[in-house]
Amino acid sequence: MLATRLVIALVASAAIGTVGCRLEEVALAPPEDVVVAEVFLQAGEAQQFAFLHRSLGTGALTVPNAVVELTGPDGRVAQYSPAAGIECVNAGSSFLPDTVGSCYATTPAVRSLVSPGATYSLRIRLPGGGQLTGTTTVPGAFRLKRPSVAQCKLAPGTLLPMEWTRSVGAWVYLSETRLAHVRKALDPNATNDRSLDMTGLSISAEDTTIVFPSEFGLFDRFNDKDAPVLLALQKGLPEGVTATVTVSAADRNYVQWVRRGTFNPSGTVQIPSLQGDGTGVFGSLAPARFDLTSVATSPLPPC
Amino acid sequence: MARGGAWRGGWAKFRDMGSRVWKAFAVAVVAGLLPTGAAAQAGALTGVVRDTSGAPVVAALVTAERVAGGGAAGGPAARAGVPTPPASGGGPARRTAEADSAGRWRLAGLAPGEYRLRVERLGYRPAERTVTLAAGGVQQVDFALVAAALDIAPVSVEVARERQRFSADAGATSRRLAGSDIKRVPGLAEADVIRAVQVLPGVITTSDFSSAFHVRGGSADENLILLDGFPVYNPFHLGGLFGVFNSDMVSGAELLAGGFPASYGGRVSSVLNVESDPGAAGAGVQGAGGVSLLASRLALGADLPTGLARAAGLRSARGRVSFRRSYFDALLKPVADFPYHLTDVQGFFEGWTPGGGRFTLTGYTGGDVLDFSHPSSESFPLKLRMDWGNDMLGARWTGGAGPGRMLDLRAGYSRFGAAIRFPEFADTRFESRISQATAQASMKVDARPWLALEGGVGGDRMAYRSLATTGGTDFRNDGDAGWLASGYAQAQWRVPGWLLDTGVRADGWFPGSAPGRWLVSPRLGLKRFLAGGDAALNLSFGRYTQVVQSARDEEVPIGIDVWQLAGDRVPPVLSKQVQAGVESFRPAGWHLALEGFDRRFQGVIGFNAAADPNDARQEFVAGSGRSYGADVLVKRERGSVTGWISASWLRATRTFPDVLSGIDPAPSITYAPIFDRRLDFEGVLRFPLPGRVEAGVHASYGSGLPYTRPIAAYEIFEYNVGTGRRSRPDSPRDSAETAILLGPRNSVRYPAYVRLDASLRKTIRKRWGLLSPYIDVLNVTNRKNVLFYFYEYNRNPPTRTGVSMFPLLPSVGVEATF
């Protein structure tokens, strides 16, 4: 339905923009105070995090003193404890992570609490009473077939057809990359050399390929600042760029939360996987990672 | 498909009711095939209307009026004890028939006696004759009409045609719009057939920005839109802002809002027949055109030279073709880069064979182009080209096939396609296409003076393709093709005072992706004439099916249909419908109609926002629906002030799995769909002003449409798997991206929709023809009808803003005919 939405966006904005008028503002009563919980389990990670926040316009956004419990397939329960906001949200210059929500974390463990293919339950007891519950099944384990090493080199101006084995239970594979020095490499006169984050998608458990980097950056092609960079990357990376690439098999709950599936003029609608006195997501991911450098000659193995 | 208990109970009752109806239907069919004493005494008048060259005159109206003392009540039928009504009694004293495409007409079920026959056709001098019909007899009466100047008011002919439908059909709810009506309904920049349909009772639209219409609680994709009998899939430009048909090429349009006979299949809600205008015969080269703020258009028509026609095996022939192109792109250039244009080319050819057969060829091609692919389109961040449009070509032959038999053959092809291409990103393509090739044959037989039979068979090849691919992944890549085999039989049984239509239709759908199945659709219509045939009570039942649906989200006011065939992903739509009403034509030119209806729908689809990408069959969810209500029409077509007022009351619901709940399996919810406009009033008035100026007013009131109100909003944090952390824009909160939490679906309503449009049209007679400058003003009161509300909970205090529909929107244009 992406095509439909694109058509709608273009045609509707053209037509409505031509003759539609903005209605006058009406002040509203405060909206409902709703707790939003975002919990993504990551297979293989030593520590798991939960991020709780509240709906806007109701006062403080934090949710302190919640009790967050994760129950594994063997019945063992892991407690989340309050953690610094920076553990859940990157800091910004205009806000402190601890003001936009409350972060909770499990105790770091040598062996990850979360295993691919296993089913977990989550229960969040809210400070004012009420609770949220949900279940997730972590996508099955998979491995990268190409590249098959954790660090490799890619010749500048070439594309890398990535491939991996199938993850049982995956709804999509989400590929993320962070490119460093790409702006300067493309334009030596560029004043801004911040890293570029791009996302690629492989839909369904069977779609186990993606081409790096040309098929990344789907959601930034309408961004007039990044579109020229993405266009230049259609043929490969320039010399000197480094990249970290993560391919993650994502479960139903994660996908339903992030894909924003239905139309409402007031904003995005996300499909929850936590039920009860609030809303939120309890999703799971099974990731695989590698690092890549765009160089012609290097002791690194080729990707 | 899960449903609530109340719904199951309701459906069971309906099913039981349906069972009784079908039993009654079977009895009626049998009864219809058996002559009764009353029917055996009824006679028929039949004949052919030709012009002086011998060519059939299509759509001539033949009116038979009983002559007082002509043996009605005291005639042989009465003496035989047959309940033949008096002239003012239960049977129609005046009956009208329309000549078909071979000029043939027939009036059956007439009591014996003396009749005065009158034949009228625009462009010809009326002809009259008096005949005497014997009991049980069939009398042939042919007419030869003489061409005349266009002095007959076209509207009176349309009234007669509407009346003819009233007399000839038992069950169908037919509303006609003449070409002149269409041009007099104030439109957006220029006359629009599809927009004009929206002022009819039972028809609603959800926004000014879309011409897509809903009939009696049906979805927009449940309307069969035909151009000369051939389907056009998406007859809209700019996502629905304009219709595709050139008003200069249209002689009229007929909306069958319900109860349509078994000869129509393919859609469950309504049939809109748009008829091409071949122009007047023998008038040399004729033209019509117009210049508006939207587009310029020109239609040219002429008779084929006699020698050329004869060389082609035709007695005579004529053709007409029109062109239209918009100039938004040029007009807006100084203020905005909006490289959009639309084009339409529409053609119609009509020829008569020496044997009296009629051959027609209808063609349409048109499209929209939004082209941001040029280097000059600097204001747009991404280069793209988007084009969409229809192509249609249809050929039809109608002619006699022996005494009392009429054969209709047609073959055609129709397609709709939309595509978006990105010159800079070759891996990204969006396409949606549907096509339909059709071949049909039907035969009408005057079996008895009181019985007319019709049957037909058809074969269609339908195919669709949907593709959405980007970044090496297919968001959607599916298609299917199938054969549709159809057949129908219908019988019309007429005795004085009664008309019974019975029919059954069978559609066999054999898609490539699923096993084939037969869908059987019985139809029944019953009409009891009153007041000498000027009024009637009617009742009809029917089952309707369709195997193609649009996946368009109807909650979005502007959009393009993405068509989908029934198969492994989508079920066919099945609908059972009942309607009953009363209709009356009054002597002073008044036409009154009141009709109630109840409709049930199964197999309607919605987009599944929670679909598992591993299972393509989950892309849509199937649901059910119900609508009931009533429509009232008060129409006046004679006198200095003409027009109509319609009132529609509707209750519509849809029941679907609540995929947004996140619960697996999704529970069912029942809600009012976006087109559940409970009350709708439309008024169209036309009246003359001094100086050969005609004024038109269109007033519209619609109760508020439902929408889903957000109850809260929260900030969206982008989660990065690599870092395990979220990020948010380093910006003030009121510009952060937010997600919303929704209240119960469509549980609140926008304010009522009110709009007043006005038009002034002056007709200036020139040596070469007519010139008609016009002014249309939409939304004269500049009322801000709500299109959307935006709930902005990220602001302090939270606010509600929104976007309105059309503001006061004046436009000018000029039309010319020569």
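Every read-out reported here was derived from the displayed coordinates using simple, explicitly stated rules and does not represent laboratory data. Since the structure is predicted, the reported quantities are computational estimates derived from the model, not experimental observations. As a convention, Cβ positions derive from the backbone with ideal geometry for all residues, glycine included, and neighbour counts pool all protein chains shown.
Numbers below:
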{"read-out": "Spin-label model distance (nm) - residue B:537 vs residue B:697, 7 Å beyond Cα toward Cβ", "value": "3.7"}
{"read-out": "Cα gyration tensor shape for the stretch B:161-221, rounded if a/c is under 1.5, else prolate or oblate", "value": "oblate"}
{"read-out": "Hypothetical label at residue B:325: residues of the stretch B:282-298 whose amide nitrogen lies under 12 Å (7 Å Cα-Cβ projection)", "value": "B:296-298"}
{"read-out": "Distant-in-sequence amide H partners of residue A:23 (H built 1.01 Å from N, under 5 Å)", "value": "B:802, B:803, B:804"}
{"read-out": "Average other protein chain Cβ within 10 Å of Cβ, residues B:793-806", "value": "6"}
{"read-out": "Estimated inter-spin distance, residue B:421 and residue B:737, nm [label 7 Å along Cα→Cβ]", "value": "3.0"}
{"read-out": "Cα-centred dipole magnitude for the protein assembly as shown, charges only on beta-carbon of K, R (+1) and D, E (-1), debye, nearest 20", "value": "3400"}
{"read-out": "Loop-located chymotrypsin sites (Phe, Trp or Tyr not before Pro) in the stretch A:149-227, at most 14 other Cβ atoms within 10 Å (DSSP)", "value": "A:222"}
{"read-out": "For the stretch B:506-575: rounded, prolate or oblate by the Cα gyration tensor [a/c cutoff 1.5]", "value": "oblate"}
{"read-out": "Anchor residue A:145: aspartates and glutamates whose Cα lies under 20 Å away (excluding residues fewer than 8 positions away in-chain)", "value": "A:163, A:176, A:206, A:207, A:215, A:291"}
{"read-out": "Cysteines having no other Cys beta carbon under 4.7 Å from their own, within the protein assembly as shown", "value": "A:21"}
{"read-out": "Per-pair calculated FRET efficiency, R0 = 45 Å: residue A:86 and residue B:651 via Cβ, rounded to 0.05", "value": "0.25"}
{"read-out": "Residue-averaged [θ]222 nm for the protein assembly as shown, counting only DSSP H segments that reach four residues, each worth -39500 (n - 2.57)", "value": "-3000 deg cm²/dmol"}
{"read-out": "Chain A, relative contact order in percent, only Cα pairs under 8 angstrom and at least six apart counted", "value": "20"}
{"read-out": "Förster radius 56 Å - calculated FRET efficiency between residue B:130 and residue B:385, Cβ distance, rounded to 0.05", "value": "0.25"}
{"read-out": "Shielding by partners - mean other protein chain Cβ count within 10 Å, residues of B:739-746", "value": "5"}
{"read-out": "For the protein assembly as shown, share of DSSP beta bridges that run antiparallel, in % to the nearest 5", "value": "95"}
{"read-out": "Across B:444/B:635; B:576/B:635; A:184/A:225; B:635/B:766; A:184/A:235, pairs whose alpha-carbon gap is larger than 22 Å", "value": "B:444/B:635; B:576/B:635; B:635/B:766"}
{"read-out": "Residue exposure sequence - B:205, A:62, B:723, B:360 - by fewest surrounding Cβ within 10 Å", "value": "B:723, A:62, B:360, B:205"}
{"read-out": "Cβ-Cβ FRET estimate between residue B:752 and residue B:337, R0 fixed at 35 Å, reported to 0.05", "value": "0.40"}
{"read-out": "Label-to-label distance, nm, for residues given as residue B:147 and residue A:209 (7 Å Cα→Cβ offset)", "value": "6.8"}
{"read-out": "J(HN,Hα) series, the stretch B:755-769, from Karplus relation 6.51 cos²θ - 1.76 cosθ + 1.60, nearest Hz, glycine and proline x", "value": "8, 10, 10, 9, 9, 10, 9, 10, 9, 10, 7, 10, 4, 8, x"}
{"read-out": "Overall form of chain A per C-alpha gyration tensor (a/c, 1.5; a/b vs b/c)", "value": "oblate"}
{"read-out": "Cα centroid separation - the stretch B:523-553 against the stretch A:201-246, whole Å", "value": "57"}
{"read-out": "Ranked packing of B:402-410, A:175-183, most packed first, by mean Cβ within 10 Å", "value": "A:175-183, B:402-410"}
{"read-out": "Length-normalised contact order of chain B in % [C-alpha pairs under 8 Å, at least 6 apart]", "value": "10"}
{"read-out": "By average C-beta atoms within 10 angstrom, highest first, the peptides B:576-582, B:561-567, B:766-772", "value": "B:561-567, B:576-582, B:766-772"}
{"read-out": "Total charge dipole magnitude, chain B, about the Cα centre, Cβ charges on Lys, Arg, Asp, Glu only, Debye to nearest 20", "value": "2300"}
